[in-house]
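Asks: Sharing a structure below in structure tokens format, with a few things to ask.
The values are calculated or read from the model by the stated rules, or taken from the named source; none is laboratory data. This is a predicted model, so every value here is computed, not measured. Here the Cβ positions follow ideal geometry from the backbone for every residue, glycine too, while neighbour counts run over all protein chains shown.
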Amino acid sequence: MSQNKKALFIIFGGTGDLAYRKLYPALYKLYKKNYLNENFAVIGTARREWSDSYYQEVVYDSIQDIKESDQEAKEFASHFRYQSHNVNDTENYISLLKLADQLDEKYDIEGNRIFYLSVSPSLFGTVSSHLRAENLITENGFNRLIIEKPFGTDFVNSNALNNDILESFTEEQIYRIDHYLGKEMIQMLLALRFGNPLFKQIWNKHFISNIQVTLAEDMGVEERGAYYEQSGALRDMVQNHVLQIVSLLYMNEPSSNDSKAILKAKVDALKNLKAVNQENINQNFVRGQYTTSKDNPDILDYVSEHEVDPESNVETFIAGKIESTHENWEGVPIYIRTGKRMKAKNTQINIVFKKDTMNFFSTEEVKENILSIHIGPNEGLSLQLNNKQIGHAFELEPIDLIFNPSADAPDDYERLILSALMGDKTNFVHWDELAESWKYIDSIREAWSKAESPLYLYEVNTNGPTEANELLENNNDYWVWS
Ligand code: NAD
């Protein structure tokens, strides 16, 4: 069976950073691998007045580092057209329809359309209602709407945004991107958990002591100060990426590998998260903000960044102890930690197994077994075991079994765009997950506000405020990655 897919992509925000850095290279990789071939076209739209040829040059430029040959890159770019577009102007959608129909015929696309909204979420409702009203949605092919985070600012706002979109597209047609779900090692989590009897048996409170999720960034807010002032680390990282990872870690085995069964298991895991309130918030969550340090005088405080309020109380770091009420997970916290301007860029999950009482060795001699999933920048798995020290003495020493996936694994956007082409929604965020995660995030914000939770300053190039360590020390745990 041919793997070649037929589709017309209409990208709103075609002149933007995301389109240039991620979407065009991802489409090119799919082209190189023959998932896209003759039967595809892309219309880029945005406010700027660009010509087709200029747009094609931009696309060509975006794939310079990965192109196989000049000719192939030019052939790929020849499938792209540009339309200058005001999202509120009906006439623009009428000409977009004309162009879409022409390209559909030219490339024999059979009515399959992917609308990619790489624009601010405030435009999602307007664009989707025009797409419906001006008949861009076809009768003969599939119609899918891809949207980018942030999906709102809280539950109420996100619900309203969603209802706007639902007037024109069904939940089935909506593909919400959380690019973490396109990462090799995140997808590997399911394979690891449910494809290995070894891990399946021990993935519970009897064998796991705690789990640690770290999403550390070494950069500051850069040019995104205005956005970050509205979001902070809680909305920017925890609502989406961190809670997605938490649901994959805590979920029960789905009844099948069907996307609906996986979704149900993930939503149940989110519903089972232990409630956060004014009484327990300060024991379980720590908020921090980066500040300059003597060792790094050139790096700005958060409050001195461009478009940041000098009095800002917004958190650039958050650490927390998340728990589940499910009986399988009693007493097994997932410690989470994410922040900007931390010591090093690193995304990692550590599953720390329980120590056991043994006859053969003393407990002090035996280190915990730790399964580490390295998500980025280097991908891989490692499993810490206790082995006999090589030599005459009979003593233990920890060793790591290491696996590194091959360097040519597909990247997140390539994988997710292909999934959207195939109609596979497993790695996209469903409204039910979004609703649950926003409710949880809202409860943290509300508790912070009622408890007047402190904001701890941490120096740049560190792993956050020391108070984050106490979350673990109080339970006799420690950060594995420190
Ligand atoms: P950007 O500012 O670089 O580009 C925005 C695009 O939207 C531009 O093409 C602009 O012309 C277009 N646009 C804005 N207002 C418009 C209007 N009224 N009518 C028509 N076009 C309009 O932004 P970006 O970084 O490309 O991000 C796009 C979306 O993706 C945002 O919602 C962002 O939050 C999200 N996102 C971006 C990244 C990233 O790495 N850049 C990562 C995750 C999510």
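Asks: In segment 437-465, which residue that is of a type in the set (Asp, Glu) and part of a helix (DSSP H, G or I) is nearest to Thr153 (Cα to Cα)?
Replies: Selected residue: Asp442.
Asks: While we're looking at this one, here's another question. Which of the residues belonging to segment 21-49 are farther than 16 Å from Ser78 by Cα and aromatic (Phe, Trp, Tyr)?
Replies: Within segment 21-49, just Tyr35 meets the criteria.
Asks: Kindly indicate whether Tyr413 is within 26 Å of the chain's Cα centre (by Cα), farther than 30 Å from Lys29 by Cβ and in contact (Cβ under 8 Å) with a residue 24 or more places away in the chain.
Replies: no
Asks: Which is assigned to a helix (DSSP H, G or I) and either basic (Lys, Arg) or more than 14 Å from the ligand (Cβ to nearest atom) (or both), of Ile94, Ile109?
Replies: Of the residues listed, the single one that is assigned to a helix (DSSP H, G or I) and either basic (Lys, Arg) or more than 14 Å from the ligand (Cβ to nearest atom) (or both) is Ile94.
Asks: Okay, moving on. Looking at segment 34-56 only, could you name the residues that are within 16 Å of the ligand (Cβ to nearest atom), over 21 Å from Lys6 (Cα atoms) and either at pLDDT below 95 or of a type outside the set (Asp, Glu) (or both)?
Replies: Ala46, Arg47, Arg48, Trp50, Ser51, Tyr54, Tyr55
Asks: Checking Arg48 against (1) among the basic types (Lys, Arg); (2) in a helix (DSSP H, G or I); (3) touching a Ser or Thr at 6+ places or on another chain (Cβ under 6 Å), which single condition isn't satisfied?
Replies: Condition (2) is where Arg48 drops out.
Asks: Here is a further query. Which of the following residues is aliphatic (A, V, I, L, M), closer than 30 Å to Ala7 by Cβ and touching a residue at least 40 places away in the same chain (Cβ under 8 Å): Leu455, Leu472, Leu434?
Replies: Result of the check over Leu455, Leu472, Leu434: Leu434.
Asks: Counting only residues that are surrounded by 22 or more Cβ atoms within 10 Å (Cβ to Cβ) and among the aromatic types (Phe, Trp, Tyr), how many does segment 154-179 have?
Replies: 1
Asks: Could you tell me how many of the residues in segment 197-224 are of a type in the set (A, V, I, L, M) and in a loop (DSSP other than H, G, I, E, B)?
Replies: Within segment 197-224, residues that are of a type in the set (A, V, I, L, M) and in a loop (DSSP other than H, G, I, E, B) number 2.
Asks: Give me a count of the residues in segment 112-164 that are in contact (Cβ under 8 Å) with a residue 40 or more places away in the chain, within 13 Å of the ligand (Cβ to nearest atom), of a type in the set (Val, Ile, Thr) and not in a helix (DSSP H, G or I).
Replies: 3
Asks: For segment 57-91, give me each residue that is away from the ligand (no atom under 16 Å from the Cβ) and of a type outside the set (D, E, K, R).
Replies: Passing the criteria: Tyr60, Ile63, Gln64, Ile66, Ser69, Gln71, Ala73, Phe76, Ala77, Ser78, His79.
Asks: Moving on. Looking at segment 79-89, is at least one residue hydroxyl-bearing (Ser, Thr, Tyr) and either more than 16 Å from Ile11 (Cβ to Cβ) or in a loop (DSSP other than H, G, I, E, B) (or both)?
Replies: Within segment 79-89 (the criterion being hydroxyl-bearing (Ser, Thr, Tyr) and either more than 16 Å from Ile11 (Cβ to Cβ) or in a loop (DSSP other than H, G, I, E, B) (or both)), the answer is no, since none of the residues qualifies.
Asks: If you don't mind, another one. For segment 180-198, name all the residues that are surrounded by 15 or more Cβ atoms within 10 Å (Cβ to Cβ) and either closer than 17 Å to Ile351 by Cα or of a type in the set (Phe, Trp, Tyr) (or both).
Replies: Result: Tyr180, Met185, Ile186, Gln187, Met188, Leu189, Leu190, Leu192, Arg193, Phe194.
Asks: Which is under 20 Å from the mean Cα position of the chain (by Cα) and modelled with pLDDT of 95 or more, of Ile281, Ile262?
Replies: Ile262 is the lone residue from the list that is under 20 Å from the mean Cα position of the chain (by Cα) and modelled with pLDDT of 95 or more.
Asks: Could you give me the residue pairs with C-beta distances under 6 Å whose first residue belongs to segment 389-404 and is farther than 15 Å from Phe353 by Cβ, whose second residue is outside any loop (DSSP other than H, G, I, E, B) and of a type in the set (Gly, Ala, Ser) wherever it lies, and which are 6+ apart or on separate chains?
Replies: Ile402/Ser382; Phe403/Gly380; Asn404/Gly380
Asks: State the number of residues belonging to segment 11-29 that are surrounded by fewer than 23 Cβ atoms within 10 Å (Cβ to Cβ) and away from the ligand (no atom under 16 Å from the Cβ).
Replies: Result for segment 11-29: 1.
Asks: Name the residues in segment 165-184 that are of a type outside the set (Ser, Thr, Tyr), in a strand (DSSP E or B) and within 14 Å of the ligand (Cβ to nearest atom), would you?
Replies: Residues satisfying the conditions are Arg176, Ile177.
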